[in-house]
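Input: a single structure, listed below in structure tokens.
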Amino acid sequence: MPLKICPDCKSQVSDKAPHCPKCGRPIAEAEKQRKQTIIMVVALAMAAFYVFKLYYLDPREMERMHQEALETQDRYISNLLSGLQRQAGIFESTPDSGWLFRGNPTLMNRLEDYGEAALTRLIDCVDSTEPANITADNQAVPFGVLCATALLRFVDLGEYDLPPDWPGYVEPTATALELQQAKAAWQEVAAAGWYTLRDN
């Protein structure tokens with residue numbers, strides 16, 4: 001039968017005894033409390049390190065992390081725009097509402113997740129005359145038209161009373177000059193804050 005030493009009176013006690021027969025100190029409870037204390041100290045040390053790292057991190061490190069996040073977001077938006085340019089679709093002429101875009105809206109919906117950053121990038125590409133993989137009347141549609149269409153999907157201009165002939169509304173048959181005018185119109189709207197981002 002192995003023996004333990006009582007931490008208080010230093011007498012030998014059976015390892016099965018719940019307390020010291022000489023001084024009455026609980027033996028098994030002492031070891032349990034010691035393990036709990038060690039666990040608490042380790043947990044508190046980890047929490048203190050996390051709080052220190054969170055609140056007292058070098059400002060340059062915080063700026064670097066912020067810059068990395070922006071670069072990652074910008075790279076992701078660029079990939080979505082590339083995918084948007086390659087995506088297949090068609091603009092169909094309808095007697096009621098003019099042109100209707102038929103295609104997979106997934107990429108446009110993903111752009112909506114990036115709000116203001118995607119808005120800026122889409123406005124930048126509204127004047128693009130590069131052909132997209134979209135057609136209207138069997139003619140290739142400029143990528144700028146697709147960017148303007150994406151903008152109209154997730155930006156609400158309704159409460160700002162823009163005229164029906166506002167240059168930001170472009171048709172699939174838009175010329176390079178019309179796309180430049182559309183970009184200028186969108187830049188004016190963005191600078192003035194005449195829009196509300198739609199919820200997904």
Item to check | For 188, 159, order by how many other beta-carbon atoms lie within 10 Å, fewest first | outcome: 159, 188
Checklist outcome for this item: The answer for residue 99, listing residues at least 5 apart or on another chain whose modeled amide H is closer than 5 Å to its amide H, is 94
Checklist entry - Across the chain, where is the longest run that never hits chymotrypsin sites (Phe, Trp or Tyr not before Pro) in a DSSP loop with at most 15 other C-beta atoms within 10 Å? => result 57-193
Checklist entry - For the stretch 126-138, what does the Karplus curve 6.51 cos²θ - 1.76 cosθ + 1.60, with θ = phi - 60°, yield as ³J(HN,Hα) per residue in whole Hz, taken in order and with x for Gly and Pro? => result 4, 8, 5, 9, 4, x, 8, 8, 10, 10, 9, 6, 6
Checklist outcome for this item: Cα extents of the stretch 55-200 per principal axis, largest first, Å, are 62, 33, 28
Next on the checklist: Within a 10 angstrom radius of the beta carbon, how do 141, 51, 155 rank from fewest other beta carbons to most?
Outcome noted: 51, 155, 141
Checklist entry - Using modelled amide H (1.01 Å from N, peptide plane; none on Pro or chain starts), what sits under 5 Å from the amide H of residue 87, excluding residues fewer than 5 places away? => result 133
Item to check | Per-residue HN-Hα couplings for the stretch 191-199 [Karplus 6.51, -1.76, 1.60; θ = phi - 60°; Hz; x = Gly/Pro] | outcome: 5, 7, x, 8, 7, 10, 6, 6, 7
Checklist outcome for this item: Contact order relative to length for the stretch 56-200, counting C-alpha pairs under 8 Å separated by 6 or more residues, stands in percent at 22 percent
Item to check | Exposed trypsin sites (Lys or Arg not before Pro) absent: longest stretch of the chain, with sites in DSSP loops and at most 15 other Cβ within 10 Å deemed exposed | outcome: 23-197
Checklist entry - Long-range amide H contacts for residue 136: which residues qualify at under 5 Å (H placed 1.01 Å from N, peptide plane, sequence gap of 5 or more or a different chain)? => result 91, 141
Item to check | Charge dipole (debye, nearest 20) of the stretch 79-200; +1 at Cβ of Lys and Arg, -1 at Cβ of Asp and Glu | outcome: 440 debye
Next on the checklist: Run the helix sum for the chain: -39,500 (n - 2.57) per DSSP H stretch of 4+ residues, divided by residue count, reported at 222 nm to the nearest 500 deg cm²/dmol.
Outcome noted: -17500 deg cm²/dmol
Next on the checklist: Name the residue from 125, 80, 91 whose Cα lies farthest towards the positive end of the charge dipole of the chain, charges +1 on Cβ of Lys and Arg and -1 on Cβ of Asp and Glu.
Outcome noted: 80
Checklist outcome for this item: Diffing the stretch 166-180: the Karplus 3J(HN,Hα) column from phi (6.51, -1.76, 1.60, θ = phi - 60°), in whole Hz with x for Gly and Pro, holds 4, x, x, 7, 10, 9, x, 8, 4, 8, 4, 5, 5, 5, 5
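None of the figures in this text is laboratory data; all of them are computed from the coordinates on show. Source: prediction; values computed, not measured. Using ideal geometry, Cβ is built from the backbone for each residue, glycine included, and neighbour counts are taken over all protein chains shown.
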